[in-house]
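The values are calculated or read from the model by the stated rules, or taken from the named source; none is laboratory data. Computed from a predicted structure; not experimentally measured. With ideal geometry, Cβ positions are generated from the backbone for all residues, glycine too; neighbour counts draw on all protein chains shown. Areas reflect the complete protein model, heavy atoms only, side chains present, ligands, DNA and RNA absent. Shrake-Rupley method; radii C 1.70, N 1.55, O 1.52, S 1.80 Å.
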Amino acid sequence: MLERIAVIGAGSWGTTLADLLAKKGHQVTLWAYEPELVQTMRDTRENNLFLPGITLHEKLAYTNDLVEAYRDCTMVLSVVPSQLVRRVMGRSVPFIPSDAVIVSASKGIEVDTLATVSEIYRDILPEAMYQRFAALSGPSFAREVAQEMPTAVTAAAASEEIARRVQEAFTTNFFRVYRNSDVVGVELGGAIKNVIAIAAGISDGLGFGSNTRAALITR
């Protein structure tokens, strides 16, 4: 099933996922906050600010207008920074079609509330829309995905139907999407992994060995 997808957030990860989806044949519009970045991407087919050196798909569309981004979309992919999700997506709710699937690829925990991203969406979305929410997360560097290196991520949703639809929309021969019903667990994995990595680096810097690192990671 081909989708009409609004991708909100043109950082490196948002741009990469928009390009991947456009390559699959979906009709994709990428929204960026910066109007000058939108114009640059239209003119050069490159996000020189966040993903330099990667040529974007010729059918990828760009906009700085939220209303235009959401028009007639069947799926929304939000890739805005976690600290901006409540503001940007809260503004977006009136423009999102009521039957659209909403996918979050934002990683992190809201500083002021300690809410996960799915909990933010529970606050800002009508209940019927929240039932079509999914989180997309996994160990992935944007540039490697843009270069079509093998990558595995997880689509987590309370609804098996929604998780399967997201899986089908994103899966390619190099981008493997698994399904899971543990939305919060998948979100926390994406948010906490960097903290564990920093702690492992401190352990190495103190001169400790593999036993110490392994204990830290597994515990």
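General observations
- Max mean-square fluctuation residue, GNM over the chain, Cα-Cα springs under 10 Å, options Ile198, Ile124, Ile162: Ile198
- Carbon plus sulfur fraction of accessible area for the range 71-219, probe 1.4 Å, in percent: 56 percent
- Acute angle (nearest 10 degrees) that the helix 35-44 long axis makes with the longest principal axis of the chain, alpha-carbon atoms: 80 degrees
- Net +/- balance of residues flanking Leu56 in space, Cβ distance below 9 Å, scoring K and R +1, D and E -1: -2
- Furthest towards positive pole of dipole, Pro97, Val117, Ser159, structure part the range 1-160, Cβ charges: Ser159
- Overall Cα dimensions of the range 103-168 - principal axes, largest extent first, Å: 37, 31, 13
- Of the GluC sites (Glu not before Pro) found in the range 36-145, those in coil by DSSP whose Cβ has at most 13 other Cβ atoms within 10 Å are Glu58.
- Neighbour net charge for Leu188 - beta-carbon separation under 14 angstrom, K R +1, D E -1: -2
- Largest-first ordering by accessible area, 1.4 Å probe, given options His57, His26: His57, His26
- Thr113 contributes an accessible area of around 70 Å² to the protein surface, as traced by a 1.4 Å probe with all chains present.
- Rounded, prolate or oblate (a/c below 1.5 giving rounded, otherwise prolate when a/b exceeds b/c) for the range 1-69 by Cα gyration tensor: oblate
- Helix axis angle, 183-205 relative to the chain longest principal axis, alpha carbon, degrees: 40 degrees
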